[in-house]
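These notes are about the structure you will find just below.
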Amino acid sequence: MSAAATLPLFVSADPQRPIAWRRGAPVLLAEFQSHVASVVHRLPKQAAAMINLCEDRYRFLVAYAAALSVGHTVLLPSSRAEQVVADVEKANAGSYRIDDPAVDAALEQPSAAAVNTRIPADMTVMVGYTSGSTGQPKTFPKLLRSVNGSNARNAASIRAAIADKTSSVWVLATVPPQHMYGMEMSVLLPLAGDMAVHAGRPLFPADIAAALAELPRPRVLVSTPVHLRAIVGSEQEFPQVDVIVSATAPLDQPLAAAVTAKLGGELVEMFGSTETCVFASRLTAKEDQWRLYEGVRLEPRTDGTLVHAPWFVEPVLLQDIVELLPNDRFMVRGRSSDMIEVAGKRASLSDITRRLLAIEGVQEAAVFQPDPDAVGTIRRVAALVVAPNLTSREVLDRLAAGVDSAFLPRPLLIVDKLPRNELGKLPRENLLRALRRE
């Protein structure tokens, strides 16, 4: 693809196709484009990048399309905390913030400004930031052709699980659009996947059920294991969901089966990262092997796995250790950063976590190293465990039957809940803060 090549902002330019659901009614592409024009008219002309802080998904979508139309890269900070946003702003000269009130102000003053719907394929359309789960957040720029390449396959995976192949597909997401998973499944799908998205971001089961009930079928719920676990554990009744999409953390088969029984649809789990976007999927209730997207190739290495894809600028190295299987399938066997060594012995943090979760009465657990870079000292392992009816000593005694004493968590703290962020992840700083509080 030449440097001068362009790609359409909308995969389907039909002005009468729905692109969103807002305030109890569909928003058609023609109206959406008029809203984009209003925001384009108010954007700073000499700027280089937009920090999109909109919480309402429709406003985010409008602002994102407006930024691309004028050639601005969209920056996606891992949180809306002021210090996090200020750090992003400081690191990106010429950037500016946009939020829900700013979009509303633009929409109150309609404009006929031109909207560019042909975007350079090699334009850096977004920069994703990791959540800091393993330390300092990192940045990952994305070209339009890269995110569109992955997104086309995401849309195909979802549509393949839907019986109705002709009707408009309606998406409801519980994840924020600033996260790469949220971007792929609730912002790029309406633009490049010819689907429509609900403007809201419901978090609690009753709110999720109410939002789903607003949407026509076929309905797609984009969520995380944390939210799906809450749905399964609630007494709330839900309307029929045609496809449930999950990512951000591994989903076990019993939970996947319970989700499909509760919501009625097929569950598609996505495999990817901020570095790569999604490049594989599986039907978790039925299978434990991942299926690579067409054209993707994995290259196992001692320090992780190199991912090759036709839409990548260059191969991407992930820390995941995989086992390649026939027919473009693979299994994840751990992470290179997951292995620890003490006194010549090696163990896996994920294996210790798995053994903790196998103890009757343990509901959740997080195992980590508080001081992984310590030199000249024994690098200890710590754990936060949700086990309301057990003591730390009881958990340790039962864990000792399957774990070498060198790797028993010290301290192992019983907590009411794990310090997850809004995506259900456990950033390292949250774990350390919880450890200090105890």
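The values are calculated or read from the model by the stated rules, or taken from the named source; none is laboratory data. These numbers were taken from a predicted model, which means no experiment stands behind them. Positions of Cβ are backbone-derived with ideal geometry, glycine not excepted, and every protein chain shown enters the neighbour counts. Accessible surface areas use protein heavy atoms only, side chains included; no ligands, DNA or RNA. Shrake-Rupley method; radii C 1.70, N 1.55, O 1.52, S 1.80 Å.
Values computed for the structure shown
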read-out: Odd one out for residue 274 among (1) polar (S, T, N, Q); (2) touching a Ser or Thr at 6+ places or on another chain (Cβ under 6 Å); (3) exposed (fewer than 14 other Cβ atoms within 10 Å of the Cβ); value: (3)
read-out: Test for residue 19: is it in contact with a Pro (Cβ under 6 Å, 6 or more places away or on another chain) and either in a strand (DSSP E or B) or open to solvent by 60 Å² or more (accessible area, probe 1.4 Å) (or both); value: yes
read-out: Residue in the range 425-436 that is among the aliphatic types (A, V, I, L, M), closer than 22 Å to residue 338 by Cβ and more than 28 Å from the chain's Cα centre (by Cα) present; value: no
read-out: Qualifying residue in the range 273-282 (condition: under 30 Å from residue 211 (Cα atoms) and without any contact (Cβ under 8 Å) to a residue 40 or more places away in the chain); value: yes
read-out: Qualifying residues in the range 226-240 (those that are β-branched (Val, Ile, Thr) and under 20 Å from the mean Cα position of the chain (by Cα)) - the one most open to solvent (accessible area, probe 1.4 Å); value: 226
read-out: Odd one out for residue 207, checked against (1) open to solvent by 30 Å² or more (accessible area, probe 1.4 Å); (2) more than 29 Å from residue 311 (Cβ to Cβ); (3) touching a strand residue (DSSP E or B) at 6+ places or on another chain (Cβ under 8 Å); (4) in a helix (DSSP H, G or I); value: (3)
read-out: Test for residue 238: is it assigned to a loop (DSSP other than H, G, I, E, B) and either within 20 Å of residue 215 (Cα to Cα) or not acidic (Asp, Glu) (or both); value: yes
read-out: Members of the range 386-407 found to be at pLDDT 90 or above, β-branched (Val, Ile, Thr) and open to solvent by less than 60 Å² (accessible area, probe 1.4 Å), listed by number; value: 386, 395
read-out: Flag if residue 98 is modelled with pLDDT of 90 or more, touching a strand residue (DSSP E or B) at 6+ places or on another chain (Cβ under 7 Å), farther than 25 Å from residue 273 by Cβ and buried (at least 18 other Cβ atoms within 10 Å of the Cβ); value: yes
read-out: Test: residue 383 is within 30 Å of residue 202 (Cα to Cα) and either at pLDDT 90 or above or among the basic types (Lys, Arg) (or both); value: no
read-out: Residue 299 being open to solvent by 60 Å² or more (accessible area, probe 1.4 Å) and either of a type outside the set (Phe, Trp, Tyr) or farther than 22 Å from residue 222 by Cα (or both); value: yes
read-out: Whichever residue in the range 152-188 is part of a loop (DSSP other than H, G, I, E, B) and open to solvent by less than 10 Å² (accessible area, probe 1.4 Å) and, among such residues, is nearest to residue 293 (Cα to Cα); value: 162
read-out: Any hit, the range 120-129, residues being within 18 Å of the chain's Cα centre (by Cα), farther than 30 Å from residue 366 by Cβ, outside any loop (DSSP other than H, G, I, E, B) and not aromatic (Phe, Trp, Tyr); value: yes
read-out: Selected residue (criterion: nearest to residue 371 (Cα to Cα)) from residues of the range 408-438 that are surrounded by 15 or more Cβ atoms within 10 Å (Cβ to Cβ) and of a type in the set (Lys, Arg); value: 428
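Results for (1) without any contact (Cβ under 8 Å) to a residue 24 or more places away in the chain; (2) in contact with an Asp or Glu (Cβ under 6 Å, 6 or more places away or on another chain); (3) over 15 Å from residue 183 (Cβ atoms), shown as yes or no for each residue.
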{"site": "11", "(1), (2), (3)": "no, yes, yes"}
{"site": "21", "(1), (2), (3)": "no, no, yes"}
{"site": "24", "(1), (2), (3)": "no, no, yes"}
{"site": "35", "(1), (2), (3)": "no, no, yes"}
{"site": "44", "(1), (2), (3)": "no, no, yes"}
{"site": "49", "(1), (2), (3)": "no, no, yes"}
{"site": "52", "(1), (2), (3)": "no, no, no"}
{"site": "82", "(1), (2), (3)": "yes, no, yes"}
